[in-house]
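> Questions regarding the structure given below will be posed in turn.
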Amino acid sequence: MDFHKEELDLLLVPLALAILFSYNLFLLYRYLNHPHSTAIGFQNNDKRAWVERIMQGDKDDVAIALSVISSNTSAATVLASISLTLSSLIGAWLGGNSPNVFQSELIYGDTRACTLSIKYISLMLCFLLAFSCFVSSATHFVHANYLISIPSSDVPVKSVETTVIRAGDFWCLGLRALYFALNLLMWFFGPVPMFVSAVITVAILCSADVNSKPLHQHLPAPPRAQMTKRVVQPKSPASVEFL
C-alpha cells in the first residue's frame with residue numbers, strides 16, 4: 001500500500017488539534033475545581049484583594065485604579081484591532097486569485113486548493129474568535145471603570161470583582177485563540193511543523209499555567225473610616241470696651 005504525503009495531514013493535524021484541545025480542557029477543569037493550582041486562579045486571588053482595597057480607598061486610590069483599568073482596556077483594544085485586521089487580510093487573500101506560495105512542492109503535505117481554503121478559513125475563524133474575546137474583555141473593563149468611579153458609590157464589592165475577573169477571563173480566552181492561530185499558521189508549512197508547534201506550545205503553557213505557590217492570604221481590608229464630624233463652636237462675640 002503506497003503512502004501519499006496528502007495522507008499525513010489526516011494523521012498529524014487532528015492529533016495536534018487533539019493535544020491543544022485536551023490541554024485547554026484539562027486547564028479549564030483545574031481552573032474550575034482547583035483554581036489555586038493555576039496561574040489564572042493565583043492572579044484572580046490578587047485581583048479580588050485589589051478591588052476590595054480600591055473600593056474602600058480614598059479618591060487618590062480610585063484615580064490609580066482607573067489608570068490601571070484604562071491601560072488594560074487599551075491593551076485589549078489594540079489586540080482586538082490586530083486580530084480583526086489579520087482576519088480581514090486573510091479574507092482578502094482568500095478572495096484573491098493571485099498565485100499561492102503555499103502550494104509549492106517544497107511543502108510536505110496536502111497542497112490542494114480545497115485543503116488550502118480550509119487552512120485559511122480555520123485561521124480566519126481563530127482571529128475572529130480572538131477579536132470577539134478581546135472586545136468582550138474591553139467591554140467588562142469599561143463597565144468596571146464605571147462601577148469604580150461612581151461618586152459616593154454603594155456598589156457591592158463582589159459585583160466589581162466579578163466584572164474585573166470576567167474581563168481577565170475573556171483576555172485569557174483571546175490569548176488562547178491566538179495560540180491556536182499560531183499553530184494553524186504553521187499548518188501552511190505542512191502538518192509536521194504544525195504538530196511540532198503544538199507539542200512545543202503545550203510544553204510552554206504547562207510551565208506557564210501551573211501555579212505551585214500557595215495563595216497569598218491578603219489581610220481583610222479595614223472598614224472604611226467614618227468621617228467624624230467636627231463640631232465648630234460659635235465664637236463668642238468680642239467684648240466691647242467702654243471708654
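Only the coordinates and a few stated rules stand behind these numbers; no lab work does. This is a predicted model, so every value here is computed, not measured. All Cβ positions, glycine included, derive from the backbone under ideal geometry; neighbour counts span all protein chains shown.
> Within region 60-72, does at least one residue satisfy the condition of being out of contact with any strand residue (DSSP E or B) (no Cβ under 8 Å at 6 or more places or on another chain) and either at positive phi or aromatic (F, W, Y) (or both)?
no
> Being among the polar types (S, T, N, Q) and assigned to a helix (DSSP H, G or I) is the filter; apply it to region 38-63 and report the residue that is farthest from S117 (Cα to Cα).
Step one: filter region 38-63 for residues among the polar types (S, T, N, Q), giving 38, 43-45, 56.
Narrowing further to those that are assigned to a helix (DSSP H, G or I): 43-45.
On the way: Q43: 39, N44: 40, N45: 43 Å.
Step by step, filter region 38-63, then rank; the result is N45.
> Looking at P14 and the list (1) outside any helix (DSSP H, G or I); (2) closer than 30 Å to F188 by Cα; (3) not hydrophobic (A, V, I, L, M, F, W, C), which single condition is not satisfied?
Failing condition for P14: (1).
> Listed residues L66, L79; which is in contact (Cβ under 8 Å) with a residue 12 or more places away in the chain, assigned to a helix (DSSP H, G or I) and in contact with a Gly (Cβ under 7 Å, 6 or more places away or on another chain)?
Going through L66, L79 in turn, just one is in contact (Cβ under 8 Å) with a residue 12 or more places away in the chain, assigned to a helix (DSSP H, G or I) and in contact with a Gly (Cβ under 7 Å, 6 or more places away or on another chain): L79.
> Given V142, V155, V164, which one is outside any helix (DSSP H, G or I), among the hydrophobic types (A, V, I, L, M, F, W, C) and either within 23 Å of I54 (Cα to Cα) or in contact with a His (Cβ under 6 Å, 6 or more places away or on another chain) (or both)?
V155 is the lone residue from the list that is outside any helix (DSSP H, G or I), among the hydrophobic types (A, V, I, L, M, F, W, C) and either within 23 Å of I54 (Cα to Cα) or in contact with a His (Cβ under 6 Å, 6 or more places away or on another chain) (or both).
> Within region 189-206, can one find any residue that is crowded, with 21+ Cβ neighbours inside 10 Å and polar (S, T, N, Q)?
no
> Got a number for residues in region 69-95 being surrounded by fewer than 13 Cβ atoms within 10 Å (Cβ to Cβ) and of a type in the set (A, V, I, L, M, F, W, C)?
Going through region 69-95 one residue at a time, the tally reaches 4.
> Checking the condition in contact (Cβ under 8 Å) with a residue 60 or more places away in the chain, charged (D, E, K, R) and surrounded by fewer than 15 Cβ atoms within 10 Å (Cβ to Cβ), which residue from D60, D46 passes?
D46
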